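Novice: This is the structure, below, for whatever I ask next.
The values are calculated or read from the model by the stated rules, or taken from the named source; none is laboratory data. What you are looking at is a predicted structure, and each value in this text was computed from that prediction instead of being measured. Positions of Cβ are backbone-derived with ideal geometry, glycine not excepted, and every protein chain shown enters the neighbour counts.
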Amino acid sequence: MIYSISGNLVVSQPVDAYFIVAVECNGIAYEMKTTFTTASQCPKIGESVTLYTYLHVREDALELFGFYDQEELRCFKMLISVSGVGPKAALSILSNVTPSQFALCVASGDSKSLTKSKGIGGKTAQRIVLELKDKISKEQLSSSVVAGKEIELPTNAGNVAEAISALVVLGYSKSEAAQALAGIDPSTSVEDMIRVGLKALATIR
């Protein structure tokens, strides 16, 4: 499995609802499909970049996908795990929403926001929310265990519980999410909490 590719960016061009980029490494240019978000974060042609990758294997082809950060890659993997959602649909969604916004949409049941992505209809958006949200038990988010100790969330921590739920959507454990948000002001918006949590989790792992 290819974890990441580092080299000089030699191609970056839009194709429908996603981008095609190519990174040259040791004389070989690797073509990857990616999101508009990643493409906007990439440097100028000829400059060095590192993209985290996912190799999609089909009967008739091998497709390489690249992402500027691991959170977007994590969301991509979550999306293609949903029945009926292919890589191109996942790229379309992640070109329209950030990882934190995507997690918030799923955690809050907001399928309508996902339909703003090109090619994503209402039924597909609802299926994404249903299948990913069902993997989370919000009732179990009133407390989490970190290093063998139970962390109780404040009774008014509705936003905290929702942010933890969103971080779990992104593939983190409830204990990791709770640890990342420990001590945060419960009045902070859910999306800001997710941003804080993602930054903290980047140092934990």
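Novice: Could you tell me how many of the residues in segment 45-69 are of a type outside the set (A, V, I, L, M) and touching a residue at least 60 places away in the same chain (Cβ under 8 Å)?
Specialist: Summing the residues that are of a type outside the set (A, V, I, L, M) and touching a residue at least 60 places away in the same chain (Cβ under 8 Å) in segment 45-69 gives 1.
Novice: So, in segment 94-106, how many residues would count as being buried (at least 23 other Cβ atoms within 10 Å of the Cβ) and either basic (Lys, Arg) or not in a helix (DSSP H, G or I) (or both)?
Specialist: Residues meeting the conditions: 0.
Yes/no matrix, rows are residues, columns are (1) under 16 Å from residue 64 (Cα atoms); (2) over 19 Å from the mean Cα position of the chain (by Cα):
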position: 2; (1), (2): yes, no
position: 7; (1), (2): yes, yes
position: 11; (1), (2): yes, yes
position: 15; (1), (2): yes, yes
position: 27; (1), (2): no, yes
position: 32; (1), (2): yes, no
position: 37; (1), (2): no, no
position: 44; (1), (2): no, yes
position: 47; (1), (2): no, yes
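Novice: Shifting gears a bit: Exactly one condition in (1) at pLDDT below 95; (2) touching a strand residue (DSSP E or B) at 6+ places or on another chain (Cβ under 7 Å) is not met by residue 23; state its number.
Specialist: (1)
Novice: Note down all Cβ pairs under 6 Å where the first residue falls in segment 97-112 and is outside the structural domain of residue 169 (by TED's automatic domain parsing), the second is outside any helix (DSSP H, G or I) and crowded, with 19+ Cβ neighbours inside 10 Å, and they're at least six residues apart or on different chains.
Specialist: Once the first residue is outside the structural domain of residue 169 (by TED's automatic domain parsing) and sits in segment 97-112, its partners that are outside any helix (DSSP H, G or I) and crowded, with 19+ Cβ neighbours inside 10 Å give 103/170.
Novice: Now, a different point. Sort out which residues of segment 8-27 are part of a strand (DSSP E or B) and within 18 Å of residue 99 (Cβ to Cβ), and write them in order of number.
Specialist: Within segment 8-27, 18, 19 qualify.
Novice: I would also like to ask the following. Just the residues that are under 16 Å from the mean Cα position of the chain (by Cα) and modelled with pLDDT under 95, please, taken from segment 51-67.
Specialist: Initial filter on segment 51-67 (under 16 Å from the mean Cα position of the chain (by Cα)): 51-54, 65-67.
Scanning segment 51-67 gives no hits.
Novice: Go through segment 78-93 and give me each residue that's outside any loop (DSSP other than H, G, I, E, B) and surrounded by fewer than 19 Cβ atoms within 10 Å (Cβ to Cβ).
Specialist: 80, 87, 88
Novice: Filter segment 28-77 down to residues that are of a type in the set (Val, Ile, Thr) and part of a strand (DSSP E or B), then give me how many there are.
Specialist: Adding up the residues that qualify gives 6.
Novice: So in segment 166-205, with the set limited to residues that are in contact with an Asp or Glu (Cβ under 7 Å, 6 or more places away or on another chain) and part of a helix (DSSP H, G or I), which one is modelled with the lowest pLDDT?
Specialist: So, considering only residues that are in contact with an Asp or Glu (Cβ under 7 Å, 6 or more places away or on another chain) and part of a helix (DSSP H, G or I), the one modelled with the lowest pLDDT is 204.
Novice: Can you say whether residue 27 is of a type outside the set (Asp, Glu), free of Cβ contacts under 8 Å to residues at least 12 places away in the same chain and closer than 18 Å to residue 128 by Cβ, as far as the supplied structure shows?
Specialist: Numbers: of a type outside the set (Asp, Glu): yes; free of Cβ contacts under 8 Å to residues at least 12 places away in the same chain: yes; closer than 18 Å to residue 128 by Cβ: no.
It is false that residue 27 is of a type outside the set (Asp, Glu), free of Cβ contacts under 8 Å to residues at least 12 places away in the same chain and closer than 18 Å to residue 128 by Cβ.
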